[in-house]
Amino acid sequence: MLADPKPVAAIVTEYRQNSHADVIVGRMLEGYDFDGRARPDLRVASLYTDQVPATDWSRALAKKHSVPIYESIEGAISLGSERVAVDGVVIIGEHGSYATNAVGQQMYPRRQFFEQVTDAFEKGGRVVPVFNDKHLAYNWSDAKWMYDRSLELMIPFMAGSSLPLTWRRPPLQIHMGTRMSEAV
């Protein structure tokens with residue numbers, strides 16, 4: 001592990017047991033094996049939670065790990081200063097009570113979060129890498145806007161999901177030499 005782990009801001013819709021925030025931010029706070037021995041070279045420097053349900057874990061974990069919780073995304077990125085004070089941002093827009101659109105998709109505020117992040121970058125005069133959990137947005141225009149904005153500001157930008165790496169139930173067993181025609 002590095003002597004000084006990189007500080008990151010965690011921007012989440014909600015943080016409760018087994019939520020995406022718990023799975024991702026929890027590993028940064030508690031370690032990969034939850035006993036603190038195996039840790040990423042990252043340090044959660046701040047937290048912003050959009051919603052705080054009765055089942056919230058963010059407050060207790062933030063207190064346990066001395067992580068300040070900010071009322072705004074800009075505050076979490078600047079750590080209350082006038083500059084970008086973190087070396088990375090993790091956006092987790094999954095879970096919570098949000099409206100659904102005409103085709104039943106939950107309208108998580110991923111674009112709104114990213115827009116506030118980029119506004120903080122412009123105000124603070126610096127960009128840092130951003131990881132966006134899951135896909136970018138529930139609609140093409142928001143996803144395209146996020147992509148274009150990352151190019152405009154030259155933000156190292158990554159999105160992805162841990163789902164392909166989860167346990168398979170029932171376990172999928174593919175024997176050596178098996179010919180496959182497709183995989184999802």
Go ahead and estimate [θ] at 222 nm for the chain from helices alone: -39,500 (n - 2.57) per DSSP H run with n ≥ 4, summed, over the residue count, rounded to 500. -8500 deg cm²/dmol
For Val103, Val52, Val67, write out the residues from largest to smallest accessible area, computed with a 1.4 angstrom probe and no ligands counted. Val103, Val52, Val67
What is the distance in Å between the Cα centres of region 91-127 and region 1-68? 19 Å
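Students often check this: by mean Cβ neighbours within 10 Å, which of 140-147, 25-32 ranks highest, and how do the rest follow? Each step should come with its number before you reach the end.
Details: 140-147: 15.4, 25-32: 18.6.
The peptides rank, most packed first, as 25-32, 140-147.
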If you count the DSSP beta bridges with both ends in the chain, what percent of them are antiparallel, to the nearest 5? 10 percent
Rel. contact order, % - alpha carbon contacts under 8 angstrom, at least six apart, the chain: 20 percent
Which percent of the accessible area of region 50-184 is formed by carbon and sulfur heavy atoms (probe 1.4 angstrom)? 56 percent
Residue-normalised accessible area of region 40-109, given per residue in Å² at a 1.4 Å probe: 50 Å²
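The values are calculated or read from the model by the stated rules, or taken from the named source; none is laboratory data. From a predicted model like this one, the values you see are computed outputs, not experimental measurements. Reconstructed Cβ throughout: ideal geometry from the backbone, glycine too, with neighbour counts over all protein chains shown. Please note that ligands, DNA and RNA were not included when accessible areas were found on the heavy atoms of the full protein model with its side chains. Shrake-Rupley method; radii C 1.70, N 1.55, O 1.52, S 1.80 Å.
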